[in-house]
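Enquirer: Please read through the structure below; I'll follow up with questions.
The values are calculated or read from the model by the stated rules, or taken from the named source; none is laboratory data. Predicted model only: the values in this text are computed from it and were never measured. Don't worry about glycine lacking a Cβ; one is built from the backbone with ideal geometry, like all the others, and counts go over all protein chains shown.
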């Protein structure tokens with residue numbers, strides 16, 4: 001699975017959009033981009049995923065560049081409850097048991 | 001209750017003791033996973049299972065044993081606990097659909113294990 005690079009931490013004002021970047025320059029054509037988040041010692045929670053098209057769900061939007069070497073997770077109106085560690089992961093559909101490799105992630109602080 | 005549960009939630013043990021962490025899911029998901037998370041780090045895969053009676057090693061399997069006699073249960077055993085195994089352990093499950101990218105993993109609440 002391709003490796004990802006994320007900034008270690010970011011701040012965001014409550015009510016503003018939080019834009020979390022992720023670099024995955026070695027991504028393969030069959031690898032998807034997934035985002036999870038982990039709120040204070042809880043188990044990670046799935047947010048969104050995509051292959052090459054931009055995706056949106058009730059939690060967030062995912063913007064993937066045309067060359068697929070980077071992506072951005074957007075939380076449109078961040079709240080204090082969005083303070084968490086956000087993990088960007090890339091993996092293929094069939095990777096020896098759907099293993100997910102988590103890096104250190106980005107710690108997002110949403111401030112009032 | 002539906003979902004994925006882990007027990008115990010907290011455990012303190014001594015070096016050399018055997019410890020078993022339990023994981024139970026009610027969705028009949030085919031895949032189950034065990035991760036450990038050390039302070040300030042991401043999750044590392046210990047073992048995973050694709051189905052009952054099928055298990056395989058992850059990144060950090062040494063010192064751990066797993067079994068999966070039933071689809072819904074995936075216990076993790078530390079045969080002789082060491083201090084380096086002090087960590088938070090997360091169990092997860094998924095049910096990837098054939099031909100679909102949607103193989104979201106659902107995580108349990110975690111077990112905080114301290115080895116003295």
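Enquirer: So if I check each of A:95, A:100, A:56, which one is within 16 Å of residue A:33 (Cβ to Cβ), more than 14 Å from every other protein chain (Cβ to nearest Cβ) and either at pLDDT below 95 or surrounded by fewer than 17 Cβ atoms within 10 Å (Cβ to Cβ) (or both)? Before you say what the answer is, go through the steps one by one.
Expert: Working: A:95 fails: more than 14 Å from every other protein chain (Cβ to nearest Cβ); A:100 fails: more than 14 Å from every other protein chain (Cβ to nearest Cβ).
Just a single option satisfies the conditions, and that option is A:56.
Enquirer: From the list A:16, A:81, exactly one residue is at negative phi, more than 14 Å from every other protein chain (Cβ to nearest Cβ) and not in a loop (DSSP other than H, G, I, E, B). Which is it? Quick ask: steps written out before the conclusion?
Expert: Working: A:16 fails: not in a loop (DSSP other than H, G, I, E, B).
None of the other options fit; the residue is A:81.
Enquirer: I'd like to check which strands (runs of 3 or more DSSP E) are fully inside segment B:38-116 and have at least 2 residues that are buried (at least 20 other Cβ atoms within 10 Å of the Cβ), modelled with pLDDT of 90 or more and within 13 Å of chain A (Cβ to nearest Cβ). Steps first, please.
Expert: On the way: elements: B:43-51, B:54-57, B:64-66, B:76-78, B:87-94, B:111-115.
Result: B:43-51, B:87-94.
Enquirer: Scan segment A:52-61 and give yes if some residue there is closer than 24 Å to residue B:3 by Cα and touching a residue at least 24 places away in the same chain (Cβ under 8 Å), otherwise no.
Expert: Here is the first cut: in segment A:52-61, the residues closer than 24 Å to residue B:3 by Cα are A:57-60.
Narrowing the set further to residues that are touching a residue at least 24 places away in the same chain (Cβ under 8 Å) leaves A:60.
So far as segment A:52-61 goes, yes, one or more of its residues are closer than 24 Å to residue B:3 by Cα and touching a residue at least 24 places away in the same chain (Cβ under 8 Å).
Enquirer: Could you please find all residues in segment A:19-33 being surrounded by fewer than 22 Cβ atoms within 10 Å (Cβ to Cβ) and within 11 Å of chain B (Cβ to nearest Cβ)?
Expert: The answer is A:30, A:31, A:32.
Enquirer: Taking into account only those residues within segment A:19-41 that are touching a strand residue (DSSP E or B) at 6+ places or on another chain (Cβ under 8 Å) and part of a loop (DSSP other than H, G, I, E, B), which is modelled with the lowest pLDDT? Steps first, answer last, please.
Expert: Taking segment A:19-41 first, the residues touching a strand residue (DSSP E or B) at 6+ places or on another chain (Cβ under 8 Å) are A:19-25, A:27-28, A:30-41.
Checking which are part of a loop (DSSP other than H, G, I, E, B) leaves us with A:24-25, A:27-28, A:30, A:39-41.
Values: A:24: 93, A:25: 92, A:27: 90, A:28: 86, A:30: 84, A:39: 93, A:40: 86, A:41: 80.
The residue in question is A:41.
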